Amino acid sequence: MKKTITDIINFLNKECGYDYAGHYPSMLLRRIMVRVEETHAGNISDYSRLLQSTPGEAEKLIETLTISVSMFFRNSLTFEIISQQLLPALLHSKITSGNHEFRIWSAGCATGEEPYSLSIILSDTFSRESQPFESTIFATDMDEKAIRFAKKGIYGAATMNEVKFGYLNKYFKQDGEFYKISKAVKSMVSFSRYDLLDPTNFAPPESVFGMFDMVLCRNVLIYFNPEYQEKIFYKIFRSLSPGGYLVLGESESIHAKYSNAFREINRIAKVFQKMQL
Ligand SMILES: C[S@@+](CC[C@H](N)C(=O)[O-])C[C@H]1O[C@@H](n2cnc3c(N)ncnc32)[C@H](O)[C@@H]1O
């Protein structure tokens, strides 16, 4: 069984360039078994042979392995803290430094609900300021299909439960059963495909040099073992500006190797700040 899973991981890496070696085997096995059933392969060894001899099956398996569930304002406390604590602090330091540009990275943005939620609260915050501010939210995911969906900015009601009525009226346009995100909110987000395990770039190439004021990496690290989490933390750490904020998913925590590099801002919402040099 273990050898078959390793064969499948090696094949996906060779064929598609995806590295699943850092995922928990039990989680991988559960998802692979979905394809075993769907293809009527009978067992995992037969499925491994089918995978390696059937064009297109690798893509189908990757789709099954990818969990890109998201929603607007997921874990609403997190967004309250961003809007009421982090953004005012960042505004203050931007005004002091005279640099009015915010740089934010949504790492593992799935279908776009997270970066658009951020863009909404940034738009709202900026609209109350007397001075002009600009922001770019670099939103990345390794799932090309999720990125294509996100770029459209059109959502069904299922992911919108947590959107406040005021935001719904101001930042969305309803079209039948769907909600289209406003142009202003959309224009603040730059989507691109980026694999967090890519060894060649420590930050998304679109962002050129990182230096983010805030990085959100939520509900991504849970899928990786500590060795791979460390690789991702290295990127997050390098790409965050000193004093910048890191927001994790509610069941995630700072990797032990980086615990001294961050101070905790909010334990429940998993918000941290990178220590100043
Ligand atoms: C459960 S979604 C989280 C979406 C959003 N951050 C949220 O919390 O609602 C996890 C996302 O992580 C992405 N992901 C997993 N491994 C990745 C990797 N190595 N590089 C980039 N994205 C990855 C998946 O494609 C998926 O879209």
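Regarding TYR24, is this residue of a type in the set (Ser, Thr, Tyr), under 18 Å from the mean Cα position of the chain (by Cα), within 16 Å of the ligand (Cβ to nearest atom) and more than 30 Å from LYS164 (Cα to Cα)?
When the stated conditions are applied, TYR24 does not pass them.
Right, MET142: within 16 Å of the ligand (Cβ to nearest atom), outside the structural domain of MET211 (by TED's automatic domain parsing) and not basic (Lys, Arg) or not?
In short, no.
Being assigned by TED's automatic domain parsing to the domain that holds LYS14 and outside any loop (DSSP other than H, G, I, E, B): is that true of ALA58 here?
yes
What's the number of the condition ILE268 fails, among (1) within 20 Å of PHE72 (Cβ to Cβ); (2) touching a strand residue (DSSP E or B) at 6+ places or on another chain (Cβ under 9 Å); (3) surrounded by fewer than 21 Cβ atoms within 10 Å (Cβ to Cβ)?
The single condition ILE268 does not satisfy is (2).
For PHE72, which of the numbered conditions (1) at pLDDT below 95; (2) within 16 Å of the ligand (Cβ to nearest atom); (3) in contact with a strand residue (DSSP E or B) (Cβ under 9 Å, 6 or more places away or on another chain) fails to hold?
Single failed check for PHE72: (1).
Go through (1) among the basic types (Lys, Arg); (2) away from the ligand (no atom under 12 Å from the Cβ); (3) within 17 Å of TRP105 (Cβ to Cβ) for LYS173 and report which single condition fails.
(3)
Is there a residue in the range 229-249 that is in a loop (DSSP other than H, G, I, E, B) and aliphatic (A, V, I, L, M)?
no
Considering only the range 139-224, give the strands (runs of 3 or more DSSP E) lying wholly within it that have at least 1 residues that are under 18 Å from the mean Cα position of the chain (by Cα).
By residue number, 154-156, 189-193, 212-217.
Just to be sure, is LEU50 over 21 Å from ALA139 (Cα atoms), of a type outside the set (Val, Ile, Thr), within 24 Å of the chain's Cα centre (by Cα) and assigned to a helix (DSSP H, G or I)?
So LEU50 does not fit the description; no.
Would you say LYS145 is buried (at least 16 other Cβ atoms within 10 Å of the Cβ) and of a type in the set (Lys, Arg)?
no
The values are calculated or read from the model by the stated rules, or taken from the named source; none is laboratory data. Remember, it's a predicted structure, so these values are computed and weren't measured experimentally. Note that each Cβ is placed from the backbone with ideal geometry, even for glycine, and that neighbours are counted across all protein chains shown.
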